[in-house]
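**Student:** One structure, as structure tokens, below. Some questions next.
The values are calculated or read from the model by the stated rules, or taken from the named source; none is laboratory data. It should be emphasised that the depicted structure is a prediction, and the values quoted were computed from it without experimental measurement. Positions of Cβ are generated from backbone atoms using ideal geometry, with glycine treated the same way; all protein chains shown enter the neighbour counts.
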Amino acid sequence: MRICAENIHFTYPGNVKVLDNISVTLNPGEKVALIGANGSGKTTFARHLNGLLRPQSGTVWVGDWKTSEHSPAQLAQRVAYVFQNPDEQLFRQRVWDEVAFGPQNLGYSASQVENMVEQALSLMGLTNEANFNPRDLNYSGRKRVSLASALAMQTPVLIFDEPTASLDMKEKKQFSKVLKTLNLENKTTLIISHDMDFVVENVDRIILMYEGKMIHDTSTKHFFKDKELIENSGLVIPQLIRLSQELNHLDLALNVEQFIKERERIITTIKTE
Ligand SMILES: Nc1ncnc2c1ncn2[C@@H]1O[C@H](COP(=O)(O)OP(=O)(O)OP(=O)(O)O)[C@@H](O)[C@H]1O
Ligand SMILES: [Mg+2]
């Protein structure tokens, strides 16, 4: 499903402008990262996509719906949003009930809900914690419950606000696999993240926000070629990119496999010269 923001503006009461004339389209099957310094407006933008916030001017389309004409409950049929802070999202006493809340509200039958919950718990490695109280899990556990809650809804659009914060390597790999599957299912995914190592390997397109504006919107490869832009934006250059740059590779590697291939190509070139 396509998401389209047209010239949106938003200011919190008593604040400076937080979203300043944003226009952007996210297409079905795209994996997009929204990045930028603290306070640049990423979360505020994300909250416009599921109707938690409404633009003060401009329009946000979710498929053929304007968010201004639909309630957050209706928009939940189309957009699942994972909060930056899981403690703002979780409210039930049992992991299973928490993950079931979305599908139940969307009107699925008891057996469908059961399937959706089991599947989402398994994807996030939470099957054995189904009966736990989310409050008894550590931060990463609570984060994974919030991710599972969104996945369980099986919506065409998913927004993840800082999904990898606190996840360990194994959990990040698991989440990366989930993103690939969503991509194959033609879902639209927006990942808000400060985790550049994760971003470089997991998205195709990067949008950079700066003081309420989207100042760059380009392919991942193109974005990471611009060393100065990354440093000036206060972002950490991913390890893989630093390595590619240091070794003067002709082509930038976005994942370990590409890096190894590129390195072998360079060695072969040197040998034959
Ligand atoms: N509920 C609110 N009321 C007033 N101002 C707010 C509110 N939420 C955010 N802001 C302000 O709006 C600006 C943008 O905040 P936002 O949370 O969208 O940024 P962000 O890019 O998600 O930052 P971070 O990377 O820290 O999560 C900041 O100046 C912030 O202080
Ligand atoms: Mg934020």
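**Student:** Please count how many residues of the range 220-240 are part of a helix (DSSP H, G or I) and surrounded by 13 or more Cβ atoms within 10 Å (Cβ to Cβ).
**Tutor:** Within the range 220-240, residues that are part of a helix (DSSP H, G or I) and surrounded by 13 or more Cβ atoms within 10 Å (Cβ to Cβ) number 8.
**Student:** Of these, A110, A73, which one is of a type in the set (A, V, I, L, M, F, W, C) and under 21 Å from T188 (Cα atoms)?
**Tutor:** Exactly one residue qualifies, and that residue is A73.
**Student:** Another one. Give the residue, chosen from L254, L235, L229, L250, that is more than 29 Å from Q174 (Cα to Cα) and at pLDDT 80 or above.
**Tutor:** None of the other options fit; the residue is L229.
**Student:** Which numbered condition in (1) touching a residue at least 40 places away in the same chain (Cβ under 8 Å); (2) under 23 Å from N186 (Cα atoms) is the only one that P134 fails?
**Tutor:** Unmet for P134, out of (1) touching a residue at least 40 places away in the same chain (Cβ under 8 Å); (2) under 23 Å from N186 (Cα atoms): (2).
Residue-by-condition table, conditions (1) modelled with pLDDT of 95 or more; (2) away from ligand 1 (no atom under 16 Å from the Cβ); (3) on the phi > 0 side of the Ramachandran plot; (4) surrounded by fewer than 18 Cβ atoms within 10 Å (Cβ to Cβ):
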residue	(1), (2), (3), (4)
G141	yes, yes, no, no
P156	yes, yes, no, no
F160	yes, no, no, no
S166	no, no, yes, yes
L190	yes, no, no, no
S193	yes, no, no, no
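**Student:** For Q84, indicate whether it is at pLDDT below 95 and either within 16 Å of ligand 1 (Cβ to nearest atom) or not in a loop (DSSP other than H, G, I, E, B) (or both).
**Tutor:** yes
**Student:** Exactly one of (1) assigned by TED's automatic domain parsing to the domain that holds S40; (2) more than 18 Å from the chain's Cα centre (by Cα); (3) aromatic (F, W, Y) is unmet by F223. Its number?
**Tutor:** (2)
**Student:** Working only within the range 26-81, note down all residues that are away from ligand 1 (no atom under 16 Å from the Cβ) and either within 15 Å of the chain's Cα centre (by Cα) or not assigned by TED's automatic domain parsing to the domain that holds D161 (or both).
**Tutor:** If the condition is that a residue be away from ligand 1 (no atom under 16 Å from the Cβ) and either within 15 Å of the chain's Cα centre (by Cα) or not assigned by TED's automatic domain parsing to the domain that holds D161 (or both), then L26, N27, P28, G29, E30, K31, V79, A80 are the ones that fit.
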